[in-house]
Amino acid sequence: MQYYSLNNKAPKVSFQDAVVKGLAPDKGLYFPEDIKSIDTSFFKNIENYSNNDIAYELIKQFVGDEIPTNTLKEIIADVLSFDFPLVEVEKDIYSLELYHGPTMAFKDVGARFMARCLSYFNKKNPNQVTVLVATSGDTGGAVASGFLGVKGVDVVILYPSGKVSDVQEKQLTTLGKNIRALEVDGVFDDCQAMVKKAFLDTSITDEIQLTSANSINIARWLPQMFYFAFAYKQLKTSFRAESRNKKLVFSIPSGNYGNICAGMMAQKLGLPIDLFIAATNENKVVPTYLETGVYEPKTSVQTISNAMDVGDPSNFIRIEKLHDNDFEKLKNNLHSYSFTDNQTREAMLKLYNNHNYIADPHGAIGYLGIKKYLENNKAQCIFLETAHPIKFLPVVDQKIAAKIEMPEQIKSVLGKEKVADQISLYPELKAFLLNK
Ligand SMILES: *Cc1c(COP(=O)(O)O)cnc(C)c1O
C-alpha cells in the first residue's frame, strides 16, 4: 500500500516510511492511496472468525507485503492478548470496554501495534529511532508500556507537571530502560508546542530520526478499526436477536478523532455500521461545525474528561477525506454532541445508580451521546468505554470510587519510584534530545 500526504505536496511513501516518518515532510497526515472493501461474506460470517483473524483481515491491505504474513499474524496475536468485552448496560445500549490492556486505556492496542512494526523494520535495517510524544495523560502510559524494551527505539515523553493523574504519572515515569520522561513546567499545549517545534528543527532532525506515536501515525491509528468489528461480532452472536434488524450506531468519546476515524475506515471496508456519534466535552469544534458548516479551531479548555481536551482535532481531515470532502455526506454519517462536566458527573451517577455500571468520564460522555440520539431515533447503540475509571478517581463520585477494585496493572506501578527530568523551555528539550 502506498500512502500520500493529505497536503498533497510530498511524495508517496510505503507503509514502512509512513510509520517511521509519522508525518509527511509537507506536514500533512498520511492517507492510504487505494482502499479496497472486504467481501461482504466476511462480515456476514464474522462469528466464525477469531479476533486475530478479524484483525488480520482488516489490516492486511494496509501493510501489504512489507511485513511477511506470519510475522504480521504474530504481531497481531501479541498485541491482542486481552479481552474487549461488550456489556449490555440498558436494553439496546452496550458498552464496549477497551480498557483491559496493560495501561487500561484504549490506546494500548495502537501503541503496541506501532511498537512491534517499528521493531520489525528495525531488525531489517538497524537505525535508531526516537519516538517523541506529548501527553495529556493516557498516551504517555500506553506508549511507554508498548515500546518498553523495543530495540532500536528510544522514547521521550513530555507531560505537564501536576496536570496528569497520579496513576498516569506513575505509568509513564517508572518503567526505565528505553523510556525517558520529561516533566514540563507548563500545560499540555506547551508540551505539544515543544514537540512540534522539535519535529521542524533541522538541527535535531539532521542528527536523529524522530517519529510521533500519537494517532497521526498510521500504525497507531489503523489498528483501532479492530474494536468496531469485535463489537459487531459480539453483538451478532451474544445479544438480542429481536434487535438485529435495527440500525447499528456507535458513539465514540472523541478528542483527536483518531478512534472514530478508524471506525469509519472499518465501515468503508464493509463493516455494516449505520451511523457514528462523536461525543465530546466543552471542546466542541466538531459539533459546532456540523451545526453551522464553519470549522473553527479553538484553544482547548480543561474538563474532567481531559483526554478529549483538544481544540483542533488532528484526524478530522482524514474524516473529511473518508467522506469525499462532502459536507452533506458527512452529516448523514456523523452526528456530534457536546456535554458539560456537570452532565458528565450526572451520567456517571445515573449509570451507577440505575444500571450498576461504573463508567469513566469519557465513557460517560459516549453514553450521553447515545441517550441524546435515542430521544428522536430507534437503534441499537454501542458506546466505547475508553479508559478504566480507576485512572480518573479524583473526578469519580466517592461513593462509586469506593466500589472500584484496584486492578493488578495499576497496583504494580503505584509502588514504583518516579524518574523524570524537569524542563521548562525548548532549548532544554533540544539539549536533551541531542545528548541523550
Ligand atoms: C485518547 C482518549 C480519547 C480520545 O480519543 P481520540 O482518538 O483522540 O479521539 C478518549 N478517551 C480516552 C480515555 C482517551 O485516552
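The values are calculated or read from the model by the stated rules, or taken from the named source; none is laboratory data. Keep in mind that this is a model prediction, so the values were computed, not measured. Methodologically, a virtual Cβ is constructed for each residue, glycine included, from the backbone with ideal geometry; neighbour enumeration extends over all protein chains shown.
For segment 271-305, the candidate set comprises residues that are closer than 26 Å to Gln61 by Cα and either surrounded by fewer than 18 Cβ atoms within 10 Å (Cβ to Cβ) or within 15 Å of the chain's Cα centre (by Cα) (or both); within that set, the residue that is farthest from the ligand (Cβ to nearest atom) is Pro272.
For Glu385, the stated conditions hold: it is surrounded by 21 or more Cβ atoms within 10 Å (Cβ to Cβ), farther than 30 Å from Lys197 by Cα, within 26 Å of the chain's Cα centre (by Cα) and of a type outside the set (Lys, Arg). Among residues that are part of a helix (DSSP H, G or I), more than 20 Å from the chain's Cα centre (by Cα) and either more than 19 Å from Lys284 (Cα to Cα) or not hydrophobic (A, V, I, L, M, F, W, C) (or both), Asn325 is not included.
The condition (being in contact (Cβ under 8 Å) with a residue 40 or more places away in the chain, within 16 Å of the ligand (Cβ to nearest atom), closer than 12 Å to Val89 by Cβ and in a loop (DSSP other than H, G, I, E, B)) is satisfied by just one residue among Ile370, Ile358: Ile358.
Of all residues in segment 233-261, exactly one satisfies the criterion of being under 13 Å from Leu96 (Cα atoms), β-branched (Val, Ile, Thr) and away from the ligand (no atom under 16 Å from the Cβ), namely Val249. So, of the residues in segment 179-232 that are part of a loop (DSSP other than H, G, I, E, B) and of a type in the set (Gly, Ala, Ser), which turns out to be nearest to the ligand (Cβ to nearest atom)? Here the answer is Ser215. Of Ser336, Ser314, Ser305, all but one fail to be modelled with pLDDT under 95, on the phi < 0 side of the Ramachandran plot, touching a strand residue (DSSP E or B) at 6+ places or on another chain (Cβ under 9 Å) and not aliphatic (A, V, I, L, M); the exception is Ser305. Just one residue in the set Ile38, Ile54 is farther than 15 Å from Met114 by Cα, in a loop (DSSP other than H, G, I, E, B) and not acidic (Asp, Glu); that residue is Ile38. Counting only residues that are touching a Lys or Arg at 6+ places or on another chain (Cβ under 9 Å), crowded, with 23+ Cβ neighbours inside 10 Å and among the β-branched types (Val, Ile, Thr), segment 168-183 holds 1 of them.
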